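Written below as structure tokens is the structure these notes are about.
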Protein chains: 2
Amino acid sequence: MQIVTIQAEVIFQALADETRLRIIRLMKVTDEESCLCELVDSLLEPPYKLSRHLKILRQAGLLLSQKEGRWVYHRLVTEPAYLEPLYATVQALPDTNEIYNNDLKRFRQRLCLREGGRCRIGIQSEMFKTEAG
Amino acid sequence: MQIVTIQAEVIFQALADETRLRIIRLMKVTDEESCLCELVDSLLEPPYKLSRHLKILRQAGLLLSQKEGRWVYHRLVTEPAYLEPLYATVQALPDTNEIYNNDLKRFRQRLCLREGGRCRIGIQSEMFKTEAG
DNA sequence: TGCATACTTGCACTATAATACAATTATTTA
DNA sequence: TAAATAATTGTATTATAGTGCAAGTATGCA
């Protein structure tokens with residue numbers, strides 16, 4: 001086990017971006033883990049963009065990423081304990097334009113395409129764009 | 001009364017800086033308000049630098065600034081409610097290098113120089129630099 | 001009314017950050 | 001072993017952010 005002390009500024013910086021807040025909120029609300037292509041289909045953002053944002057969250061100590069074959073699953077890190085009120089804050093943020101809610105709807109749909117609880121397909125964005133705003 | 005919706009990214013961005021975290025933590029821990037020169041003496045940073053950081057915090061909706069003669073007093077904003085866990089997080093951050101603690105010691109000393117609960121003097125940094133690390 | 005002073009800001013400079021495209025890596029499968 | 005594919009990254013570009021100096025504003029006081 002490796003404990004790295006992460007500067008508070010780095011954590012707040014990691015949360016100071018709309019795309020990254022969308023990722024954190026989705027992971028927090030669903031208590032799920034997700035691979036890149038599922039996030040692409042949920043947030044409707046290009047893979048290279050999300051991949052870079054995921055890296056920033058990982059480096060800030062907020063996400064843990066594990067490779068499984070061709071897929072990489074990302075999930076929230078819950079330690080140290082002071083991360084919890086931060087996630088709670090993100091989860092409590094107003095969602096005036098329903099951005100978070102639409103991400104969530106698409107993500108839930110996308111989860112239905114898993115087989116045996118794992119993603120077996122790639123990006124399906126075209127399909128998801130036409131549905132659920 | 002004017003309610004302005006502030007983007008979450010702006011709030012997290014405002015917290016993504018060491019100097020600003022020092023200001024927030026000091027205001028939160030002491031539950032005090034402070035003018036610029038008191039902060040200069042507490043954080044030992046130049047006035048123009050702190051003035052700019054205070055502006056950023058104000059624009060993010062975290063500080064309220066009120067002018068009183070030549071002095072401007074700054075204090076934490078507590079609304080909306082989701083700011084509270086953020087401040088709590090800042091207050092709970094580890095203080096490995098005692099930076100926050102040293103700020104606090106100097107601030108408490110500086111408060112002793114108030115007359116009638118108000119600051120009546122300007123920057124005294126030279127005096128504060130020589131004491132309490 | 002002129003000076004001291006608490007604070008702010010214009011400007012220049014440097015560093016960091018977000019994005020898009022294209023290329024690359026790593027893994028699976030035919 | 002070659003093609004397909006999930007994911008990452010090099011590079012260029014543009015925008016934003018932090019800092020320091022010097023100048024400016026606004027208030028109080030002699």
**Item:** Tilt relative to chain A, helix A:99-111 - C-alpha long axis, 0 to 90 degrees, to 10
**Value:** 60 degrees
**Item:** Copies compared at A:E68 - label distances in nm, ascending, label defined 7 Å from Cα in the Cβ direction
**Value:** 5.9
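For the pair B:T30 and B:Q59, what calculated FRET efficiency results from E = 1/(1 + (r/R0)^6), where r is the Cβ-Cβ distance and R0 = 22 Å, to the nearest 0.05? List each step's numbers first, then the result.
Values: r = 23 Å, r/R0 = 1.04.
It comes out at approximately 0.45.
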**Item:** Rounded to the nearest 10 Å², the accessible area of A:C112 at probe 1.4 Å
**Value:** 110 Å²
**Prompt:** Treating the beta-carbon of each Lys and Arg as +1 and of each Asp and Glu as -1, no other charges, what is the dipole magnitude of the stretch A:10-114 about its Cα centre, to the nearest 20 debye?
**Reply:** 340 debye
**Asked** Which order do B:D103, A:D17 take when ranked by solvent-accessible area (1.4 Å probe, heavy atoms of all protein chains), largest first?
**Response** A:D17, B:D103
**Message:** Suppose you put the label 7 Å out from Cα in the Cβ direction; list, shortest first and in nm with one decimal, how far A:G122 is from each other copy's label.
**Reply:** 6.7
**Message:** If each label sits 7 angstrom from Cα along the C-beta direction, how far apart, in nm, is A:R52 from its counterparts in the other copies?
**Reply:** 2.5
**Request:** Enter the mean number of other protein chain beta carbons within 10 Å of the beta carbon of each residue in B:13-19, as an integer.
**Result:** 5
**Message:** Looking at the calculated P(r) for the stretch A:10-114, what percent of the C-alpha pair distances fall above 25 Å?
**Reply:** 12 percent
**Item:** In sequence order, calculated HN-Hα J values of the stretch B:69-85 (Karplus, 6.51, -1.76, 1.60; Hz; x Gly/Pro)
**Value:** x, 7, 9, 10, 9, 10, 9, 5, 9, 10, 10, x, 4, 6, 6, 4, x
**log10 of Debye I(q)/I(0), alpha-carbon scatterers only, for the stretch B:1-62 at 0.12, 0.14, 0.15, 0.27 Å⁻¹** = -0.30, -0.40, -0.46, -1.21
**Request:** For helix A:47-59, report the angle its Cα long axis makes with the longest principal axis of the Cα atoms of chain A; keep it between 0 and 90° and round to the nearest 10°.
**Result:** 20 degrees
**Asked** Given the rule -39500 (n - 2.57) for each run of at least 4 DSSP H residues, summed and divided by the residues of chain B, what is its mean residue ellipticity at 222 nm, to the nearest 500 deg cm²/dmol?
**Response** -15500 deg cm²/dmol
**Asked** How much accessible surface area, in Å² rounded to 10, belongs to the heavy atoms of A:F12 with a 1.4 Å probe?
**Response** 0 Å²
**Request:** Find, to one decimal place in angstroms, the Kirkwood hydrodynamic radius of the protein assembly as shown, where the mean of 1/r is taken over every pair of different Cα atoms and then inverted.
**Result:** 20.5 Å
**Request:** Would you tell me which residue of chain B has the beta carbon closest to the rotation axis bringing chain B onto chain A, and how many whole Å away it is?
**Result:** B:P85, 2
**Complete:** Here the stretch B:12-28 yields Karplus 3J(HN,Hα) values (6.51, -1.76, 1.60; θ = phi - 60°; whole Hz; Gly and Pro given as x) of 5, 4, 5, 8, 8, 7, 4, 4, 5, 5, 5, 5, 4, 4, 4, 5, 6
**Prompt:** Do any residues of the stretch B:63-110 lose at least 40 Å² of accessible area when the full set of protein chains is present rather than just their chain alone, and if so which, with a 1.4 Å probe?
**Reply:** B:Y82, B:T89, B:L93
**Prompt:** Between A:E18 and B:E18, what is the FRET efficiency for a Förster distance of 30 Å, r being their Cβ-Cβ separation, to the nearest 0.05?
**Reply:** 0.80
**Prompt:** Lysine pairs in chain A with alpha-carbon atoms under 23 Å apart, 8 or more places apart or on different chains: how many are there?
**Reply:** 9
**Request:** Tell me which residues come under 5 Å, amide H to amide H, from A:L63 once H is placed; ignore anything under 5 positions away on its chain.
**Result:** A:R58, A:V77
**Inter-label distance for A:R118 and B:E68, nm, one decimal - labels placed 7 Å from Cα along Cα-to-Cβ** = 6.5 nm
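The values are calculated or read from the model by the stated rules, or taken from the named source; none is laboratory data. Note that this is a predicted model, so its numbers are computed, not measured. Note: ideal-geometry Cβ built from the backbone for every residue, glycine included; neighbour counts use all protein chains shown. Only protein heavy atoms, including side chains, enter the accessible area calculation; ligands, DNA and RNA are left aside. Shrake-Rupley method; radii C 1.70, N 1.55, O 1.52, S 1.80 Å.
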